[in-house]
Amino acid sequence: MKQLERMVSNFYNHPSVFSWGVGNELRARDADMKPMIADLMNHSRELDPSRLTAYVSNTLTASYYNNPNFIPDAAADGDYLMMNEYGGSWWDIPTGKINNYLDSVHLSYPTKPFFISEFGLCEPNFKGGDERRLQDLIYHMAIYESKPYVEGAIYFDLTDYRTHYPGTSDTTKFRRRIHGIYDMYGNPKPSMKVLRELSSPVEVQGVRKWKKEKLNVLIFGSMGLPQHTVNSYKLYVSDKEENYLQGKSYDLPTIHPGERINFEVDDLYNGKAVITVVRPTGYVVSQKIFE
């Protein structure tokens, strides 16, 4: 309770906080833990009635509504469901069953918004390197985007990290978990660019020659995860990825999910272009090479 109270007190005025989380993977079906998790969520509502509250579960798939002895998971006491999903790695199931697992969870709690709170590939426990991470990432995102009840998905995680966690198979002095799309020194892996494109609220799908000395850039508002209206984004045309800020910039119009935009830019490189889309905060959301 003290940790929850301190967290709410410290971050109460932070504008990006929309919800409080009371725990992660706490054996939510154990008789002694479930009441504790419920008490924590109730207390978070008392501390801050203006925000949502939730618990991150790894036991939502332990039992479903069609089991005669079904007892709801502790996560059901939250304002929405958050589930860590590791089909094909930590979960010993065929990846084709992930669809069924998600559907069964949703049918068990049909009124609850459903978020994937973790997915990804953990090395060295699961071999295959970043190539396998790419395959895992693309496959899982395709499943989530096919489920209208999945409201969002959080990739775990941003960077590789040192850990004392005993479940890690690395036996070196400085034990590592190779979970990230960046290494421990901030260097991006190939999976970073793939996750960035899949997570972009805009899809740059093509570039073609248009009028004299002009190109037409085909852009859609994303219908996947995430999807939201974008405002005040900029588009850059350059000849290389690394020098896009020295290229020519254009202000993009407001783009809604599913909306198609045919955006005209100057043909600066004889039909070739690196197209970079940047948020108002300066972060790149999409960068593609068209040759």
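The condition of being at pLDDT 95 or above, out of contact with any strand residue (DSSP E or B) (no Cβ under 6 Å at 6 or more places or on another chain) and in the same structural domain as residue 189 (by TED's automatic domain parsing) holds for only one of 130, 79, 157, that being 130.
Which one is nearest to residue 10 (Cα to Cα) among residues in the stretch 38-47 that are over 26 Å from the mean Cα position of the chain (by Cα) and in contact (Cβ under 8 Å) with a residue 40 or more places away in the chain? Here the answer is 47. Between 255, 219, 178, 275, the distinction of being surrounded by 13 or more Cβ atoms within 10 Å (Cβ to Cβ), in the same structural domain as residue 145 (by TED's automatic domain parsing) and among the hydrophobic types (A, V, I, L, M, F, W, C) belongs to 178 only. Please work out which residue is nearest to the chain's Cα centre (by Cα), limiting yourself to the stretch 206-254 and to residues that are among the polar types (S, T, N, Q) and under 30 Å from residue 140 (Cα atoms). Filtering the stretch 206-254 for residues that are among the polar types (S, T, N, Q) and under 30 Å from residue 140 (Cα atoms), the one nearest to the chain's Cα centre (by Cα) comes out as 227.
Consider the stretch 1-22. How many of its residues are crowded, with 16+ Cβ neighbours inside 10 Å and either on the phi > 0 side of the Ramachandran plot or free of Cβ contacts under 8 Å to residues at least 24 places away in the same chain (or both)? So the count comes out to 1. In the stretch 99-127, the qualifying residues are those that are farther than 22 Å from residue 26 by Cα and of a type in the set (A, V, I, L, M, F, W, C), and the one that is modelled with the lowest pLDDT is 126. The single condition from (1) under 29 Å from residue 140 (Cβ atoms); (2) assigned to a strand (DSSP E or B); (3) without any contact (Cβ under 8 Å) to a residue 60 or more places away in the chain; (4) among the hydroxyl-bearing types (Ser, Thr, Tyr) that residue 281 fails is (2). Of the listed requirements (1) of a type in the set (A, V, I, L, M, F, W, C); (2) under 30 Å from residue 146 (Cβ atoms); (3) touching a residue at least 12 places away in the same chain (Cβ under 8 Å), residue 184 misses just one: (2). Taking residues in the stretch 215-239 that are in contact (Cβ under 8 Å) with a residue 40 or more places away in the chain, and partners anywhere that are basic (Lys, Arg) and surrounded by 14 or more Cβ atoms within 10 Å (Cβ to Cβ), the pairs with Cβ atoms closer than 7 Å and at least 6 places apart or on different chains are 233/279.
Condition check for residue 57 on (1) without any contact (Cβ under 8 Å) to a residue 12 or more places away in the chain; (2) in contact with a strand residue (DSSP E or B) (Cβ under 9 Å, 6 or more places away or on another chain); (3) of a type outside the set (Val, Ile, Thr): one failure, at (1).
The values are calculated or read from the model by the stated rules, or taken from the named source; none is laboratory data. Keep in mind it's a predicted model, so treat the numbers as computed, not measured. Glycine also receives a Cβ, built like all others from the backbone with ideal geometry; neighbour counts cover every protein chain displayed.
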